[in-house]
Amino acid sequence: MSSTNESFDQNSLDLSLDKCMLHFPRLFEFIDNTTAFYRITRNGSISLNDIDSISMGPGGSHIRAAVLNNTLYIKTFYKGFHTRSLALLFSLNQAISHSPVQLPPSEFVIDTGDHGVPHTLGLWSLARMKSDKSTFLVPDFGFQAWPEVGVLSYTEVRREIEGMIGRGEAGKIEKLLWRGDVTPGPRQEAVELANETWADIQRLNWPCLATPDLPHCANVTDHKTIPQHCAYKYLLQTEGRTYSGRFKYLLNCPSVVIADRLSWDQHFHHLLDSDMNSPDQNVVVIGDVHFKDGLKRMMEGLQMYPEYSEKIRRNAWEVLRNRYLTRAAVMCYWRRLLTEYAGLLDYVPTLEVKGENDDETVYRLTENGKQMAMPYDLFVLGNYS
């Protein structure tokens, strides 16, 4: 995987487009492919009717927003997945407010649920099925924070991991770590290998973390923080109902990440190289029909050939963790998405808000009585969220 060796501030908020292209030449593949889909199949256009037609029923997890004059405005905010929606908007607003250039006007709908609404024209989503070509992928909320699982700040977690490395505590435990809910498929098969000498695999019951003394909570509360994951040489990544928000965190560890076959894409998944013959391999994917057998063989092979494990670990650390999964890369991605998407709109976005006066519609009244979108700062500070 080619990229410049020129150093950059991994937490930079305001890299220019030229610098973004220099440091992250492969970051925008999903944006380019999705944009091309609309140019080929829709004559390069997304209409206001497309945006209005996106289902935003009660109890959903959508945000409708607009960008004008490098300011983020909120039109509709459904309170499902509340903290993740706020984390995502915070990240997006940073990218907009620190843009070194004027961004084009745009209007969009973001689904902050786990699976979006596949094949919905114009929709932005955290993940999409591999067969879905019309959904625009956004960096998920966990690149900012995920307090429900103990990640109060993505930047701080990365600093904690760096501290572990400085103290020589990272990647030392010669075992494969996994914690999580058990569901049929790879997760269940992984648990069946828990007694292997190389395995530290246990079921985790999240509600039991608050009540560990209850009888049914025995042996299902050994939670590991992300930095604690990084103490292990091997980490297992499994999808759940849809994509796994844990994946990017595991890739921040100086460890070898082993994954099941991915059915969902996030904005960075095209950067994953699982080709065993590639000098740039940065992840292991178990593609076997019988995941359990494939995982066992892979662990035996990784332990037998430590130089192979080291190649994977080093590539992931240098290319993913220290480049494409940085805060700077997320900012570049947001701005490129806003620019390319805006070029597809066949109407001029406005700040006018249409809709009923309900809990989800966000607006401010002007002197002439019009409903207008809420600036992000007022939306947050005014407790409208």
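Points worth noting:
- Within the same chain, lysines fewer than 8 places from Lys370 are excluded, and of the rest, those with a Cα less than 21 Å from its Cα are Lys75, Lys354.
- Peptide packing for 274-287, 124-137 was compared via the average number of neighbouring C-beta atoms within 10 Å per residue; ordered from the highest value, the list is 124-137, 274-287.
- Partner aspartates and glutamates for Lys296 [C-alpha distance under 14 Å; skip if fewer than 8 residues away on the same chain]: Glu189, Glu192, Glu196, Asp200, Asp260, Asp288
- Sparse-neighbourhood loop sites, GluC sites (Glu not before Pro) in the range 111-185 - DSSP loop, at most 15 other Cβ within 10 angstrom: Glu169
- Radius of gyration, Dmax [the range 53-196; alpha carbons; angstrom]: 19.1, 59
- Working value for the range 119-198: equivalent-ellipsoid semi-axes of 31, 23, 11 Å, each the square root of 5 times a Cα gyration tensor eigenvalue, largest first.
- Near Gln237, the amide H atoms lying under 5 Å from its own belong to Ile258, Ala259, Asp260; only residues 5 or more places off or on other chains count, and H is placed 1.01 Å from N.
- Calculated on alpha-carbon atoms, Rg and Dmax of the chain in Å: 21.8, 74
- Options Ala190, Gln94, Leu68, ranked by Cα towards positive dipole end of the range 52-196, top entry (Cβ charges): Leu68
- Cβ crowding within 10 Å averaged over residues, with 90-96, 7-13 ranked highest first: 90-96, 7-13
- Acute angle (nearest 10 degrees) that the helix 306-315 long axis makes with the longest principal axis of the chain, alpha-carbon atoms: 10
- Under 5 Å between amide hydrogens, built in the peptide plane, is the criterion, and for Leu345 it picks out Ile46 among residues at least 5 positions away or on other chains.
- What the Cα atoms of the range 218-303 give is an Rg and a Dmax of 13.3, 44 Å.
- Whole-angstrom gap from the range 201-217 to the range 77-114, using each part's C-alpha centre: 35
- In Hz, Karplus ³J(HN,Hα) per residue of the range 172-182 (6.51, -1.76, 1.60; θ = phi - 60°; x = Gly, Pro): 9, 7, 7, 9, 9, 9, 8, 9, x, 5, 9
- Charged neighbours of Lys296, selected by a Cβ distance under 12 Å, balance to -4 (K, R count +1; D, E count -1).
- Nitroxide proxy distance, nm - points 7 Å out along Cα→Cβ at Thr225 and Asn33: 3.6
- Charge context of Leu72, other residues only, Cβ under 15 angstrom, K/R +1, D/E -1: +2
- If the chain linking Thr155 and Glu196 were pulled fully straight, counting 0.36 nm for each residue of separation and taking away their Cα-Cα distance, it would gain 11.3 nm.
- Qualifying lysines (Cα of each under 17 Å from Cα of Lys224; at least 8 residues distant if same chain): Lys172, Lys175, Lys233, Lys248
Just so you know, all these numbers are worked out from the coordinates, no wet-lab data involved. Predicted, not measured: the structure shown is a model, and the values here were computed from it. Virtual Cβ from ideal backbone geometry, glycine too; neighbours counted across all protein chains shown.
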